[in-house]
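Participant: First, the structure itself, so that you have it in front of you.
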Amino acid sequence: MKNLLILGGGTAGSIAANKLRRRLPTDRWAVTVVDSDDDHRYQPGFLFVPFGTYRPDQVTRSRRRYLSGDVDLVYARIERVVPDEHVVELSDGRRLPYDALIIASGVTPRPDQTPGLLGEEWGRTIHEFYTYDGSVALARALSTWPGGRLVTSVVEMPIKCPVAPLEFAFLADSHFQERGIRDRVELTYVTPLPGAFTKPIAAKAFGSTLSDKGIDVEPDFMLMEVDPERRVLVSYDEREVPYDLLVVVPVNMGADFVAASGLGNELNLVPVDKQTLQSKAHPDVFALGDANDIPTSKAGSVAHFAIDVFVENFVEYATGRPMTHAFDGHANCFIETGHGKAMLIDFNYDTEPLPGRFPVAGLGPMSLLKQTRLNHLGKLAFEWIYWNVLLPGRPLPLPADMSLAGKRTDLLTTARS
Amino acid sequence: MPTTTIAGRKVSVDDDGFMTEFDEWDEDTAVALASSIGIELTAEHWKAIRFARNDYRSQGQTPSIRRASTVGGMDTKSLFALFSGRPATKMAYIAGLPKPADGS
């Protein structure tokens, strides 16, 4: 009997476990997931918790319940991987041998990496919304906040769901309008990027949405430290941005055990081949979801599309054949823009997000890079799809490869000039 | 792919003026590229440029500022002073490397 070990039972780990369990013969392969607890968080929900549109108890379900009965789940902390011995060491002293290893331990916000974030003001005037505790604390702070300067700050790229901080700023604008205090709130969006997003055409669209909503942008701002007493952000080139309430997206890093195992880069991300997700250092190690270093967005949609391709490859790998499928970097993200509307983007390694219709060329019904009510309904419906279609690994009627049909490719040459 | 003349030699560049052929670069091109964006190269600049070239050769991608500081041992704040405003981008430009990935 061979062992497939999956480290991490979040989005990528659960989808991979459920899909591979169906594809690998049960008398030949055991599939085991390791995670420290049973709390599977619906991470897209964290964005809505601060504004009271999602209740905190809506975002958590049982990991065990969303893993196939034939998948073993081990609750433990991971100490390190010993690739040369093909063993994973757990902090309780157990050693789990593997024939193939999938690292799906994601990334975590690390406020400890920026001086001035963690301290007395953490959870008071300084917040984040990428964790359960963070989004709940921010909900409390926002509900009674009287107004002032609200600064949304991205510390460093890459981050999980790179559109989420934009969505936060858009939703804050509509939240304060609904509370009737928008005129008492100054909104600023601080980013290390030269514009609102990583890709030029979408950056333009998001940039004009920010300015339409009266949100100031401070681009090219690499945050060096926060001075919690003077309430200012200080950049490496000595610019300052003042705040009354700071909502920060801290540096995102892969798991510490990845670094301890010598498997990570400078952000503890596992370097992999971007088409097969196989470790560049160890052929029996793969990294799925946010844990790897592929040059596309860290997002659940990427994990899902990538795993569609990965599963086909792994079935070949498991029977000693060469892997013949290649992931194209496909990502698909809804962007909440407030007032019951949302935008949608669809892109891959080679093609940036473009306007157009999705998923059917000319017909849609979704519109790309345009604020519509239907996109917002799509984002809300996605929660049901996540638990009932994506995690169980059921087929979604969307191909893994990105399609150019329906996209305004004519914009590609004009936008760059 | 467009070409341009830098330090008296024809080199291939992308639409933003970043060199596209690793081996077309030499120290004279670096001096010319730097001066075109108002930078006069000092020993500290050269340390950063050499790190960027070596790292690209081994990793196949342009290093980020974090990489220059954690792997290359350079001080982030000094990099901002050396290559004012956008150190990763300017460092890549002068070192003849592709524009850095912005982390998507």
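The values are calculated or read from the model by the stated rules, or taken from the named source; none is laboratory data. What you see is a predicted model, and the numbers here were worked out from it, not measured in a lab. Positions of Cβ are backbone-derived with ideal geometry, glycine not excepted, and every protein chain shown enters the neighbour counts. We work out accessible area using only protein heavy atoms, side chains counted, and drop any ligands, DNA or RNA first. Shrake-Rupley method; radii C 1.70, N 1.55, O 1.52, S 1.80 Å.
Participant: Scan A:ASP244, A:ASP273, A:ASP308, A:ASP284 and give me the residue that is surrounded by 18 or more Cβ atoms within 10 Å (Cβ to Cβ) and of a type in the set (D, E, K, R). First the steps, then the outcome.
Facilitator: Details: A:ASP244 fails: surrounded by 18 or more Cβ atoms within 10 Å (Cβ to Cβ); A:ASP273 fails: surrounded by 18 or more Cβ atoms within 10 Å (Cβ to Cβ); A:ASP284 fails: surrounded by 18 or more Cβ atoms within 10 Å (Cβ to Cβ).
Among A:ASP244, A:ASP273, A:ASP308, A:ASP284, only A:ASP308 is surrounded by 18 or more Cβ atoms within 10 Å (Cβ to Cβ) and of a type in the set (D, E, K, R).
Participant: Just need a number here: residues in region B:46-71 that are open to solvent by 20 Å² or more (accessible area, probe 1.4 Å) and either facing chain A (nearest Cβ under 8 Å) or out of contact with any Leu (no Cβ under 8 Å at 6 or more places or on another chain) (or both).
Facilitator: 15
Participant: Would you check if there is a residue in region A:39-52 being surrounded by fewer than 20 Cβ atoms within 10 Å (Cβ to Cβ), charged (D, E, K, R) and out of contact with any Ser or Thr (no Cβ under 7 Å at 6 or more places or on another chain)? So that I can check it myself, show each step before the final result.
Facilitator: Of the residues in region A:39-52, the ones surrounded by fewer than 20 Cβ atoms within 10 Å (Cβ to Cβ) are A:39, A:41-42, A:45, A:52.
From the residues that got through so far, the ones that are charged (D, E, K, R) too are A:39, A:41.
Now narrow it down to the ones that are out of contact with any Ser or Thr (no Cβ under 7 Å at 6 or more places or on another chain): none.
No: zero hits.
Participant: Please specify each residue of region B:71-104 satisfying the condition of being in a helix (DSSP H, G or I), under 23 Å from A:ALA196 (Cβ atoms) and out of contact with any helix residue (DSSP H, G or I) (no Cβ under 8 Å at 6 or more places or on another chain).
Facilitator: B:THR89, B:LYS90
Participant: Taking B:SER84 as the residue in question, decide whether it is within 12 Å of chain A (Cβ to nearest Cβ) and open to solvent by 40 Å² or more (accessible area, probe 1.4 Å). Explain how you work it out, then say what you get.
Facilitator: Details: within 12 Å of chain A (Cβ to nearest Cβ): yes; open to solvent by 40 Å² or more (accessible area, probe 1.4 Å): yes.
Criteria met by B:SER84.
Participant: Right, another one. Scan region A:278-291 and tell me whether some residue there is over 21 Å from A:GLY45 (Cβ atoms), more than 12 Å from chain B (Cβ to nearest Cβ) and polar (S, T, N, Q).
Facilitator: Yes, that holds for at least one residue.
Participant: Still on this structure: Just to check your reading of the model, which residue among A:LEU101, A:LEU117 is under 27 Å from A:ALA260 (Cβ atoms), open to solvent by less than 50 Å² (accessible area, probe 1.4 Å) and in the same structural domain as A:GLU178 (by TED's automatic domain parsing)?
Facilitator: Numbers: A:LEU101 fails: in the same structural domain as A:GLU178 (by TED's automatic domain parsing).
Criteria check complete, one pass: A:LEU117.
Participant: Got a sec? Which of A:ALA326, A:ALA361 is at negative phi and modelled with pLDDT of 95 or more? I'd like the intermediate steps shown before the answer.
Facilitator: On the way: A:ALA361 fails: modelled with pLDDT of 95 or more.
Matching residue, one of A:ALA326, A:ALA361: A:ALA326.
Participant: Regarding B:THR76, is this residue hydroxyl-bearing (Ser, Thr, Tyr) and within 14 Å of chain A (Cβ to nearest Cβ)?
Facilitator: On the way: hydroxyl-bearing (Ser, Thr, Tyr): yes; within 14 Å of chain A (Cβ to nearest Cβ): yes.
Criteria met by B:THR76.
Participant: Can I ask one more? What pairs can you find where one residue is in region A:379-402 and within 10 Å of A:ILE15 (Cα to Cα), the other is among the basic types (Lys, Arg) and open to solvent by 30 Å² or more (accessible area, probe 1.4 Å), and their Cβ atoms are less than 8 Å apart, with a gap of 6+ or different chains?
Facilitator: A:GLY393/A:LYS19; A:GLY393/A:ARG22
Participant: I want to confirm something. Restricting to region A:65-82 and keeping residues that are closer than 16 Å to A:GLY393 by Cβ and under 22 Å from the mean Cα position of the chain (by Cα), which single residue is surrounded by the most Cβ atoms within 10 Å (Cβ to Cβ)?
Facilitator: A:LEU67
Residues checked against (1) under 24 Å from A:GLY148 (Cα atoms); (2) surrounded by 20 or more Cβ atoms within 10 Å (Cβ to Cβ):
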residue: A:ILE181; (1), (2): yes, no
residue: A:TYR189; (1), (2): yes, yes
residue: A:PRO192; (1), (2): yes, yes
residue: A:THR198; (1), (2): no, yes
residue: A:PHE206; (1), (2): yes, yes
residue: A:GLY214; (1), (2): yes, no
residue: A:MET222; (1), (2): yes, yes
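So that you can scan it fast, the table gives a plain yes or no per residue for (1) open to solvent by 40 Å² or more (accessible area, probe 1.4 Å); (2) more than 14 Å from chain B (Cβ to nearest Cβ); (3) without any contact (Cβ under 8 Å) to a residue 60 or more places away in the chain; (4) part of a strand (DSSP E or B):
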| site | (1), (2), (3), (4) |
| --- | --- |
| A:ALA137 | no, yes, yes, no |
| A:ARG140 | yes, yes, yes, no |
| A:THR152 | no, yes, no, yes |
| A:LEU171 | no, yes, no, no |
| A:GLU229 | yes, yes, yes, no |
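Participant: Same structure again: Taking the condition on the phi < 0 side of the Ramachandran plot, within 14 Å of chain B (Cβ to nearest Cβ) and not aromatic (Phe, Trp, Tyr), does A:GLU167 pass?
Facilitator: Working: on the phi < 0 side of the Ramachandran plot: yes; within 14 Å of chain B (Cβ to nearest Cβ): no; not aromatic (Phe, Trp, Tyr): yes.
Judged against the criteria, A:GLU167 is not a match.
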